[in-house]
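The values are calculated or read from the model by the stated rules, or taken from the named source; none is laboratory data. Just so you know, these numbers come straight off a predicted model, no measurement behind them. Note that each Cβ is placed from the backbone with ideal geometry, even for glycine, and that neighbours are counted across all protein chains shown.
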Amino acid sequence: MAFVLFLMRKLFGCTLLITLIAATAGYWFWAQQREVGHYLSDLRIELTLNDGVNHDRGNLLGIEPDLSPRDYQSLDLVRLKLAAYLDKARDAGLLNDKTIVVLPEHIGTWLVFRGEKNELYQAANLAQAMDWLVRSNPLAFASAWLRAEGDSRANDAHLRMKARSMARDYQTLFGGLAKEYGVTLVAGSIALPEPRIENGKLLPGSGPLYNSSIVFGRDGMPLGTPQRQLLPTYEEQSYIQPSPEHQLNVIDTPAGRLGILVGSDSWYPENYRTLNEQGAQLIAVPAFMIGKNTWDQPWGGFKSVTSPSEISLKPGEVSEGEAWHRLTLISSVPSSTAEAGITVFSRGKFWDKHSVGWGFVSRNGQTSPDQPGSGARLLNLWL
């Protein structure tokens, strides 16, 4: 009898082990499936702001893309949309060898969703999409979570686990577009751990996440070093590292010396003084704002540090949109000695999160705003 019980326990144990192995193998096989679903992308874009006249000195061309999660199913799909926008600009005579194209903040960060399962793109909201991201990459997420930094380890791990592929895709996509269209391209921004340029390649490190912008030259190669956002918002600081001591870079381009201020870094007078000292002639501001009606809501104040002493604007005194116009000091002497600049926002919807904002160009201390409307937009400023 004891021998029979022993055999039954062995049989049960073996059956349980086989079942566990089969379930694990099945889950692994399911997680590896990455079929690209059918998606009809809207490639339309309108030229809504064209300031100045072509004097053969180049131009600042802002692209405000209308993007959704489906656009990031594959690198080919997102490239198709951005190339269609650039084709429209070229047909309108807006591209030349001195053109600087500026894309919005975080356009590279969304590459975290490239090549995922259809269930992720069909999720009802961003929280569900992030759940699917973890389910489809369980081992990578667990490893990244152990190395994560900041208060929001999950948000850090989501980005950290795909940092290598994101960096590779970012350079392939935006470096490729810069070379194909023969332009200098400010590729919005991307959140990566300690990004660096090494032997002409964008590589992630192993430290904190930084929201950084990279500029690609007409040959498709990175120019200068990644420009970190100095002061992310308080909410972002739970996983994006502030970098207040990081140097603001000025890059030589065919159109002039270019400085980059990522997002609300453009609100701080000290940053303009730093760019003045380096002889910045042009300033690009890749920006991003979440919330369907945020642009028209009361301004919430500085979201990363206390208000600079020289800023008298009080929270609630103006709308978010008016605050962007008042605080962005490009070409406003003596604060900024740059000749011109452009601020570009993202458009579209990522699950339940709308991205809004109306871009504008700046010259001689004056801003020319885009007009409210829907869909993707081109904003052009002749130099």
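Could you say whether any residue in region 338-357 is without any contact (Cβ under 8 Å) to a residue 24 or more places away in the chain, in the same structural domain as Ile107 (by TED's automatic domain parsing) and over 24 Å from the mean Cα position of the chain (by Cα)?
There is no residue in region 338-357 that is without any contact (Cβ under 8 Å) to a residue 24 or more places away in the chain, in the same structural domain as Ile107 (by TED's automatic domain parsing) and over 24 Å from the mean Cα position of the chain (by Cα).
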Does any residue of region 232-244 turn out to be surrounded by fewer than 21 Cβ atoms within 10 Å (Cβ to Cβ) and within 18 Å of Thr343 (Cβ to Cβ)?
-> yes
Out of (1) β-branched (Val, Ile, Thr); (2) crowded, with 20+ Cβ neighbours inside 10 Å; (3) more than 19 Å from the chain's Cα centre (by Cα); (4) over 30 Å from Asp51 (Cβ atoms), what's the single condition that is false for Val112?
-> (3)
Out of the residues in region 60-109 that are part of a loop (DSSP other than H, G, I, E, B) and among the acidic types (Asp, Glu), which is surrounded by the most Cβ atoms within 10 Å (Cβ to Cβ)?
-> Glu105
Take the residues in region 255-273 that are over 11 Å from Gly341 (Cα atoms) and modelled with pLDDT of 95 or more, then tell me which one is surrounded by the fewest Cβ atoms within 10 Å (Cβ to Cβ).
-> Arg257
When you go through Ser136, Ser152 one by one, which is the residue that is of a type in the set (Ser, Thr, Tyr), over 23 Å from Gln237 (Cα atoms) and in contact with a helix residue (DSSP H, G or I) (Cβ under 9 Å, 6 or more places away or on another chain)?
-> Ser136
Complete set of residues in region 196-205 that are closer than 20 Å to Asp219 by Cβ and either touching a residue at least 24 places away in the same chain (Cβ under 8 Å) or crowded, with 22+ Cβ neighbours inside 10 Å (or both) = Arg196, Ile197, Lys201, Leu202, Leu203
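Identify all residues within region 128-145 that are over 23 Å from Asp352 (Cα atoms) and free of Cβ contacts under 8 Å to residues at least 40 places away in the same chain; write none if there are none.
Selection gives Leu139, Ala140, Phe141, Ala142, Ser143, Ala144, Trp145.
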Residues in region 326-347 that are crowded, with 20+ Cβ neighbours inside 10 Å and either modelled with pLDDT of 85 or more or touching a helix residue (DSSP H, G or I) at 6+ places or on another chain (Cβ under 7 Å) (or both): how many?
-> 12
Please enumerate the residues belonging to region 281-318 that are hydroxyl-bearing (Ser, Thr, Tyr), surrounded by fewer than 20 Cβ atoms within 10 Å (Cβ to Cβ) and within 24 Å of the chain's Cα centre (by Cα).
-> Thr294
Going by the conditions given, is Asp265 charged (D, E, K, R), free of Cβ contacts under 8 Å to residues at least 40 places away in the same chain, in the same structural domain as Glu320 (by TED's automatic domain parsing) and within 28 Å of Gly182 (Cα to Cα)?
-> no
Segments classed as helices (runs of 4 or more DSSP H), wholly inside region 128-232, with at least 1 members that are modelled with pLDDT of 95 or more and farther than 17 Å from Trp110 by Cβ = 176-181
Assess whether Ala123 counts as being in a loop (DSSP other than H, G, I, E, B), in contact with a helix residue (DSSP H, G or I) (Cβ under 7 Å, 6 or more places away or on another chain) and at pLDDT below 95.
-> yes
Assess whether Ile240 counts as being under 29 Å from Phe302 (Cβ atoms), at pLDDT 95 or above and within 18 Å of the chain's Cα centre (by Cα).
-> no
Odd one out for Leu248, checked against (1) assigned to a strand (DSSP E or B); (2) over 30 Å from Ser374 (Cβ atoms); (3) not hydroxyl-bearing (Ser, Thr, Tyr) | (1)
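Residues that are among the hydrophobic types (A, V, I, L, M, F, W, C) and either without any contact (Cβ under 8 Å) to a residue 60 or more places away in the chain or closer than 21 Å to Gln247 by Cα (or both): does region 169-183 have at least one? Break it down stepwise before answering.
Filtering region 169-183 down to residues among the hydrophobic types (A, V, I, L, M, F, W, C) leaves 173-174, 177-178, 183.
Still in the running and either without any contact (Cβ under 8 Å) to a residue 60 or more places away in the chain or closer than 21 Å to Gln247 by Cα (or both): none.
No: region 169-183 contains no residue that is among the hydrophobic types (A, V, I, L, M, F, W, C) and either without any contact (Cβ under 8 Å) to a residue 60 or more places away in the chain or closer than 21 Å to Gln247 by Cα (or both).
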